[in-house]
Amino acid sequence: MARTQAPDYDLRREAIVAAAAALYARRSFQGASVADLAKRCKVSKSLIYHYYAAKEDILFDVMISHVRALEEAARAVIAGEAPPDAKLRSLARAFMAIYVGAADRHKVLLNELSRLPKNRRAEIVSVQRGLIEVVRRLLLAVAPRLSAPRSFTAAMLFFGMINWTHTWFDAEGAVSAEELADLAVNTTLSGLRGAA
């Protein structure tokens, strides 16, 4: 007879993923064992394996949960009726809000992607490319004269401004996440106007 799933199954998996994100962000995926994760979660190693068949499965969930949250935020912004520059601003603010709340997951994504098997890495890269495409299209809508290669470059520069904020940004500091997002958008839009 199949074992029934506990009512808090998803919550427990999420707790494991959150603990793994913190652990991998500080010690790296290779530097942290399943035993280390179990200790951090205050559970047995066998309980971790009840929820995840392999350590790589946990790493994948750390990353995919992060990029799917970004993807969901992008969908919500794009579905709105605002003009493209306002959508870009809303998107940057949404991304920064996620980055601040998921700095560990973001760091793991940026540093440990190569540790995943090829097919799982491809799934994450596909979502990332979709996010880049969302920004590229918004930039083209703001600056229609932009060529396709330059719109891709501009999109990558935009992400370059916000993707590494986990290394230095302090949510309690003098500049808020929203102000930082606005500055990134203002810099991008000014650059596009200058290039035009």
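The values are calculated or read from the model by the stated rules, or taken from the named source; none is laboratory data. Model, not experiment: these values are computed from the prediction. Glycine gets a Cβ as well: all are built from the backbone with ideal geometry, and neighbour counts include every protein chain shown.
Quick check on this structure: which one of Arg40, Arg68, Arg75, Arg89 is touching a residue at least 60 places away in the same chain (Cβ under 8 Å) and among the basic types (Lys, Arg)? Can you show your working first?
Numbers: Arg40 fails: touching a residue at least 60 places away in the same chain (Cβ under 8 Å); Arg68 fails: touching a residue at least 60 places away in the same chain (Cβ under 8 Å); Arg75 fails: touching a residue at least 60 places away in the same chain (Cβ under 8 Å).
Criteria check complete, one pass: Arg89.
So how many residues does the stretch 98-108 have that are farther than 13 Å from Ala181 by Cα and among the hydrophobic types (A, V, I, L, M, F, W, C)? Spell out the reasoning first.
Quick first cut of the stretch 98-108, residues farther than 13 Å from Ala181 by Cα only: 101-108.
Among the residues that remain, those that are also among the hydrophobic types (A, V, I, L, M, F, W, C) are: 102-103, 108.
So the count comes out to 3.
I'm told Glu81 meets every condition in (1) surrounded by 15 or more Cβ atoms within 10 Å (Cβ to Cβ); (2) at pLDDT below 95 except one. Can you identify the failing condition by its number?
Failed condition: (1).
What tally of residues in the stretch 110-158 results from selecting those that are crowded, with 17+ Cβ neighbours inside 10 Å and either acidic (Asp, Glu) or touching a Ser or Thr at 6+ places or on another chain (Cβ under 6 Å) (or both)?
5
May I ask you to say which residue of Phe95, Phe158, Phe60 is under 21 Å from the mean Cα position of the chain (by Cα) and more than 24 Å from Ala177 (Cα to Cα)? Explain how you work it out, then say what you get.
Numbers: Phe95 fails: more than 24 Å from Ala177 (Cα to Cα); Phe158 fails: more than 24 Å from Ala177 (Cα to Cα).
Only one candidate passes the filter, namely Phe60.
Does Ala32 count as over 21 Å from Gly130 (Cβ atoms), assigned to a helix (DSSP H, G or I), modelled with pLDDT of 95 or more and small (Gly, Ala, Ser)?
Details: over 21 Å from Gly130 (Cβ atoms): yes; assigned to a helix (DSSP H, G or I): no; modelled with pLDDT of 95 or more: yes; small (Gly, Ala, Ser): yes.
When the stated conditions are applied, Ala32 does not pass them.
Of all residues being under 13 Å from Arg12 (Cβ atoms) and part of a loop (DSSP other than H, G, I, E, B) in the stretch 35-54, which is farthest from the chain's Cα centre (by Cα)? Just the residue, please.
Once the filter is applied, the top-ranked residue is Ser44.
Mind checking whether some residue in the stretch 15-28 is at positive phi and touching a residue at least 40 places away in the same chain (Cβ under 8 Å)? I'd like the intermediate steps shown before the answer.
Taking the stretch 15-28 and keeping what is at positive phi, we get 28.
Going one step further and asking which of them are touching a residue at least 40 places away in the same chain (Cβ under 8 Å), we end up with 28.
Yes, some residue in the stretch 15-28 is at positive phi and touching a residue at least 40 places away in the same chain (Cβ under 8 Å).
Give the stretch 160-179 a look and list any residue that's closer than 12 Å to Tyr99 by Cα and either part of a helix (DSSP H, G or I) or modelled with pLDDT of 95 or more (or both), or say none.
Ile162, Asn163, Thr165, His166, Thr167, Ala177, Glu178
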